1. So how many residues does the range 44-65 have that are closer than 19 Å to C104 by Cα and of a type in the set (D, E)?
2. Specify the residue that is nearest to L77 (Cα to Cα); the eligible residues are those in the range 1-42 that are polar (S, T, N, Q) and either at pLDDT below 90 or assigned to a helix (DSSP H, G or I) (or both).
3. Could you list, in sequence order, all residues of the range 43-76 that are closer than 16 Å to R23 by Cβ, under 12 Å from the mean Cα position of the chain (by Cα) and in a helix (DSSP H, G or I)?
4. Name the residue, out of L41, L21, that is under 12 Å from C104 (Cβ atoms) and surrounded by 11 or more Cβ atoms within 10 Å (Cβ to Cβ).
5. Mind checking whether some residue in the range 95-111 is in contact (Cβ under 8 Å) with a residue 60 or more places away in the chain, surrounded by 15 or more Cβ atoms within 10 Å (Cβ to Cβ) and among the charged types (D, E, K, R)?
Amino acid sequence: MTEPMQDVQPVTLSTQAFLILCRLFDGCYDDMKQQEPMRNLVESIADILLAGVQKLEGRETKPKTVTFPLTLPQSFLLRRLVGEMLARVPEGQEDKTAGWLRECLSALTEGAGAYGTPAS
């Protein structure tokens, strides 16, 4: 089922944060896809992220940012995954990856606010 266009919001990340998000999602993809109620949602996110990666691979000069469309449920699931991963970062052990994950969380939260729902 496709989402109405008004329910889609653009999310913009630095290229590196986008690639980290793709790796995180890829690591969870097989497990999430096996959960029947989530299958369509997981597949739709995979399609969007894969399209972004393919677009990046096709460019000689990599852009500094990547913008991609997400529905509220897609954004919510990715925000939850990123939040869970950030919660696993030990106190005082911030690195570049944690910074990119924070960027993802911030962008996904801002996107949720655009839907008229409270950002968490």
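The values are calculated or read from the model by the stated rules, or taken from the named source; none is laboratory data. Since the model is a prediction, treat every value here as computed from it, not as a measurement. For neighbour counting, all protein chains shown are included, and Cβ atoms are generated from backbone atoms with ideal geometry for every residue, glycine included.
1. Residues in the range 44-65 being closer than 19 Å to C104 by Cα and of a type in the set (D, E): 1 in total.
2. The first filter runs over the range 1-42 and keeps only residues polar (S, T, N, Q), leaving 2, 6, 9, 12, 14-16, 34-35, 40.
Checking the rest, the ones that are also either at pLDDT below 90 or assigned to a helix (DSSP H, G or I) (or both) come to 2, 6, 15-16, 40.
Details: T2: 17, Q6: 19, T15: 20, Q16: 20, N40: 12 Å.
By that ranking, first place goes to N40.
3. The answer is I45, A46, I48, L49, L50, G52.
4. Details: L41 fails: under 12 Å from C104 (Cβ atoms).
None of the other options fit; the residue is L21.
5. yes
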